[in-house]
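Right, one structure below, let's go through it.
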Amino acid sequence: MTTEMRNQDSQKCKGIIWQVIFSFLFSFLCHSVSGQLRYSILEEMRKDSVIGNIANDLGLDIKQLSLRRFRIVSRVSEKYFYVNLGNGNLYIKNRIDRETLCGREPTCFLTFDAVVENPLNVYTVHIEIQDINDNAPTFFHNTVALEIIETSSLGTHLILQTAEDPDIGINSVQTYKLSDNQHFILSEKTRSDGSKYPELVLEKPLDRETQNIHELILTALDGGNPKKSGTALIKIAIADVNDNFPIFAQDVYKVSISENTPINFTVLHVKATDQDEGSNALITYSFAKTSENAHYNSMFHIHPTNGEITTNENVDFEAARMYEISVEAKDSGGLVAQSKVLIEITDENDNAPEIYVTSLSTPIPEDSASGTVIALIEVHDQDSGANGEVDCQIIDKAPFQLILSSNRYFRIVTTSALDREKESSYNISILATDRGSPPLSTKKTIRLEISDVNDNPPVFMKSTFLAYVQENNLPGSSIYSIQASDIDIGINAKVIYSISSLNTEDSPVSSFLSINIETGVVYAQRSFDYEQHKEFVIQVAAKDCGSPSMSSNATLVIHIMDQNDNAPTILYPSPDNGGLAFFELVPFSSEQGSLISKVVAVDADSGHNAWLSYHFIHVSEPLPFSISQQTGEIRISRVFQEKDILRHKAVVLVKDNGLPSLSATVTLSFIVADNFQQASPKLNNQLTEEDSPPNLQMYLVIALALISFLFILSVMLVIISKCKETKLSTALGPLSTNLYSPVDPRILSQYSNGTLPLPYSYNVCVALDSTESDFTFLKPSQKVPVDNLIDADDSGLGNESLKDNLDTNNQVSY
């Protein structure tokens, strides 16, 4: 490395240090006043060079940078800078060339926005790029060809090509030098706009015959430290005669045109004159051959003879705001004059605003509080002035609003509570309109999804459900399906079912019923028996799987439907009498229609299955008795004659009304006599004739004793019933004074069989009037004394149950 390079690096580092210190002071002052931050750096700084600690300069906690999502937002500056979130320093990311970014603009800035969240803030950071002398002056042509007539007078000026240096200020071209020669000296001229250009001045007369071409070296020097230079070879051809140069009417032309100017539009006319005559006065116009004009040649066109400049393409204010064109006027003798044309482009409102979504939070929970920030958008318009000022609004009727965050950033926040069940998503349409005339607008739609929270419980279609199940069902079969719906989604809408009993019975409901926790299908755990359980009342709970979970309840009433699965049971006379025959003593003088006995039977079923009918069967000869099919009352069908036999045997069939019908039988024996002593001889004779077994006498003695006992018991019961007649319930009506058939009440209270086990009790009354109710099915919880089975006062017993049973066909009356 040379000493010159070391000095240059040392000076560059010192310059950077002073620039950074100045930028810190300047940024502090600017930040404290305007909320903006400004740095100043040199171009061509090394990659990863530190510009400054942007976190400290913005007053941010370095430890919170990652948490608050500190970032740089810019379409241009993001490729040149980056921030280390660990220490808050702002670094150079890529090489920065001021000439590429800003050309020859006097000031060059790179601007970006520093965005932090929680809370959301946007800071505008301006970084000024300062020029360094990193470009040497260059000439567009390495060789410049000039022509001068030999008769040119001393002091004749030849305009030379100007050198180009992309740097600005002192680092641009400052001076020119000319190699030593005998005929020409170098002169520098300044135009009215301050720009300099070199000229050759003829100092000594020319002699074409002595030397027809002169070659000179033109050197251009900038003002940098160290200085840089560029050279061009000037070849001067000596011509004859033409001794006057064209002259432009103005050395600088200025004109303004609109950016929507059509193609072939005439921008202006340039005019140059030549004092020569003839062919030497013919002037040709052209654009000077420079690097900038090479681009302008495609944009503009100049007519070679009249100097009219027209547009070749559409001009765009956003692409270039000013065009600087060098125009040459050359006569036929080769003399050239130059002028500068400045074309200013005025802005038109030809760019609609642009909307960019910088940050978007989707989905958001439906229970988000009002004022929640859901998005940050940037609105930009490439136009300038009023054409670039933009107004934004949300055009949909949605619970959101735009809040201005900075000069071109807007926050979208919620204005009210959200409900996913009413609206699961929103299409937020944002309309950005500039203030140009006519205004231009842009519409952008942001889709926002609303996530679910568990804010709705499961709901049943109704509060009470009814199900009907036949008894004797198969265990494990499904009997009902109950469903609850939840308008939430996902896990919040998944419903789990459970059941609990509402019955007052001691048995747990789980021993009878179960439910599928996912489908809500209710299953029978075992076979039901209508005679034991006529209905189940259970509570079904539906609970979702949200957090916290929500639930609701419904009542399921399961009615057990009766089947004809119980045969009639004969209570009186008892079929279980130890193998002894049952005798009824019928007075010989009884009148026709007299009640002599009654068969009492019950059926554990209900409704039609419990309707009983009574019939005589196995009758070998006509009996002098008849039986009521509805009540089972046995009456005398005719008056007895002396010739009638004294002993009659009949089998009574009791069958229900079910399908198929079930039945039971009992055998009755009737003895016709006024008293037992009168009937004994005849009975013995008949037994002797009919029965030949050796133990017949023993049977007769037992039968006579039993009949006597029953007769005495019947008399006693009649006397007791007469004494209690005033205490009977009005619902049963007055009792008949006729004798009751002999019956032992204890036999009824001990009855237990099939589906009618104890503690089910039966209240039995033998009535002479078939319209009276003589059988009542009592609740299991009621304990009926044996004394109440016959002629009991039941006015206060089971009335409420009686009313319910009548409504449900569970009361059987005879």
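The values are calculated or read from the model by the stated rules, or taken from the named source; none is laboratory data. Bear in mind the structure is a predicted one, so any value in this text is a computation, not a measurement. Note that each Cβ is placed from the backbone with ideal geometry, even for glycine, and that neighbours are counted across all protein chains shown. Accessible surface is based on the protein model in full, side chains and every heavy atom, while ligands, DNA and RNA are left aside. Shrake-Rupley method; radii C 1.70, N 1.55, O 1.52, S 1.80 Å.
Between the amide H of HIS126 and those of LEU37, ARG38, TYR39, distances stay under 5 Å, these residues lying 5 or more places away or on another chain, with hydrogens modeled in the peptide plane. Add +1 for every Lys or Arg and -1 for every Asp or Glu among the other residues with Cβ under 15 Å from the Cβ of LYS235, and state the total. Result for the local shell: -1.
Which residue, LEU440, GLY388, LEU418, has the largest displacement toward the positive end of the dipole of region 375-443 when charges sit on each Cβ (Lys, Arg +1; Asp, Glu -1)? It is LEU418, whose Cα lies furthest towards the positive end.
Applied to region 469-483, the Karplus parametrisation 6.51 cos²θ - 1.76 cosθ + 1.60 on θ = phi - 60° returns per-residue 3J(HN,Hα) values of 10, 5, 5, 6, 6, 6, x, x, 7, 7, 10, 6, 10, 10, 10 Hz, with x for Gly and Pro. Each residue was assigned an accessible area with a 1.4 Å probe, and for HIS214 the value is about 10 Å². Computed from point charges on the beta carbon alone (+1 for Lys and Arg, -1 for Asp and Glu), the dipole magnitude for region 573-670 about its Cα centre is near 200 Debye.
With 23 Å as the limit, the listed pairs LYS177/LYS235; LYS177/LYS271; LYS397/LYS444; LYS289/LYS340 have LYS177/LYS271 beyond it between alpha carbons. Each label point was placed 7 Å from the Cα along the Cα-to-Cβ direction; for THR266 and THR667 their separation is 14.7 nm. Taking amide H as placed 1.01 Å from N in the peptide plane, PHE465 has its amide H under 5 Å from the amide H of THR555, LEU556, VAL557, each at least 5 places away in sequence or on another chain. Residues of region 87-117 with an amide N closer than 15 Å to a point placed 7 Å from the Cα of LYS63 along the Cα-to-Cβ direction: 87-88. Note on exposure: LEU474, LEU440, LEU206 ranked by accessible area (1.4 Å probe, complete protein assembly) read LEU474, LEU440, LEU206, with the most exposed listed first. Backbone phi angles across region 629-643, fed through the Karplus curve with coefficients 6.51, -1.76 and 1.60 (θ = phi - 60°), yield HN-Hα couplings of 5, 8, 9, x, 6, 9, 10, 7, 8, 7, 6, 6, 10, 4, 7 Hz in residue order; Gly and Pro are listed as x.
Most tightly packed first, judged by the mean number of other beta-carbon atoms within 10 Å of their residues, the peptides 261-267, 664-670 read 664-670, 261-267. I'd like the distance separating the alpha-carbon centroids of region 287-341 and region 397-432, in whole Å. That distance is 52 Å. Summing charges over neighbours of SER424, with a neighbour being any other residue whose Cβ is under 12 Å away from its Cβ, gives -4 when K and R count +1 and D and E count -1.
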